[in-house]
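The values are calculated or read from the model by the stated rules, or taken from the named source; none is laboratory data. Being a predicted model, the structure only gives us computed values, none of them experimental. Remember, those area values only see protein heavy atoms, side chains included, never the ligands or the DNA or RNA. Shrake-Rupley method; radii C 1.70, N 1.55, O 1.52, S 1.80 Å.
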Amino acid sequence: MSAPNEANTPARSERSQRRPVSSWREHHGWSAANSLRRLASKPVGSLLTIAVMGLALALPLAFYLLLSNVQSLGDALGRNQVVNVFLKTDQVASNAQLLAKKIEQHDGVASVTVKSPQEGMDELSKMQGFSDSLHALDNNPLPYVLLVQPQDGISADTANQLVDDLRNEQGVDMVQDSGTWRQRLDALLGVGNRAVLILAGLFALAVLLVVGNTVRVDITSRADEIGVLKLIGASRAFVRRPYLYAGIWYGLFSGILAVALAIAIEFALADPVARLSQVYEGKLHVGGLPPWLLLAVPVAAAVLGWLGARLVSAWQLRRAA
C-alpha cells in the first residue's frame, strides 16, 4: 500500500507547484478583463479621461511632425545652397579640374561642377542690361568657378569647416557661402528639438497625474470592498492588480487616440503641403511620422498609465493599512 503513495507524491508536489502559478495567471486575466469592464461601465468618465490624455500625448507628436519637416523646408529654401569657389584669374582649365577632383573627396561634399569663364559670360549676357557692356570688353575677365554642392543634412559645423578648407586651397581667390542661413536654421532646429523634449516630458507627467487621480478616486470609492479583501487575507499585490490594469488600459487607449489624431493632422496638411511642394518645383518633400514612433506611443503611454496607477495605488493602500 505504501508504494502507490510514494509514486503519487511527485505528482502531488508538481500539482501543488502549478496551483500558485495557475492562480496567479488566472487572477491577472480576471483583473485585466474586470478593469476593462469597469471602464466600459462608466463610458462618459472613461472617454473624457482618455480624451484628455490622448490630446496631451498628441501635442508632442504634432510638434515632432512639424519639426521633422523643417529640415525638408530648409533644404527647399536653400539650406544646402551651392558654395561658389572663385579661382584666381591666372588659373587655367586643368588647374580647375584638378582642384574640383580634390574637393570632391572632401567630407560633406556631394558634387563639384566647374563653370568656365565663357559659361559665366554667357549667363551675364542673358541678364538684362549686361549684354551691351560685355560687348565692349576686349577679353573675358571672369575666372573659373567651382560650384560645390554640400551633402544633404550637413551640419553647420561641418559646412563651416568645409568653407574654411576651401578658402585655404591654392589658387582660390574667394568663397561665397550662405553660412549664416545654415547657422540660423540649425539653431532653430536645436531650439525646436529641446522644446519637443520638454513638452513630451510635461505631457508625460500630465498623463501620470491624470491616471493617478483617476485610480485614487476609484480606490476611495471601493474602500469597503478593499477592507473586506484584506480581512480575508488578500495581499496588497492582489488588491492592487486590477487598478494597475486600469492604468494600462487608460494609457493604451489614450496612446492609440494620440496616434489617430497625429495621422489625422497629417491628412489635414496633405493638400496644403502638396501645393507648397508644387511652388518649389517638387523640391519640398514632407514626410509623416515614422512607423516605429506610431507603434511606440501606445506602448509608452500604457507604461506611463501603469506607473501612475502603481504609485498612487501603493500610496493609497499603504494609507488604508
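General observations
- Distances between placed amide hydrogens fall under 5 Å for A234 paired with no residue 5 or more residues away or on another chain.
- Rolling a 1.4 Å probe across all protein chains gives S68 an accessible area of roughly 50 Å².
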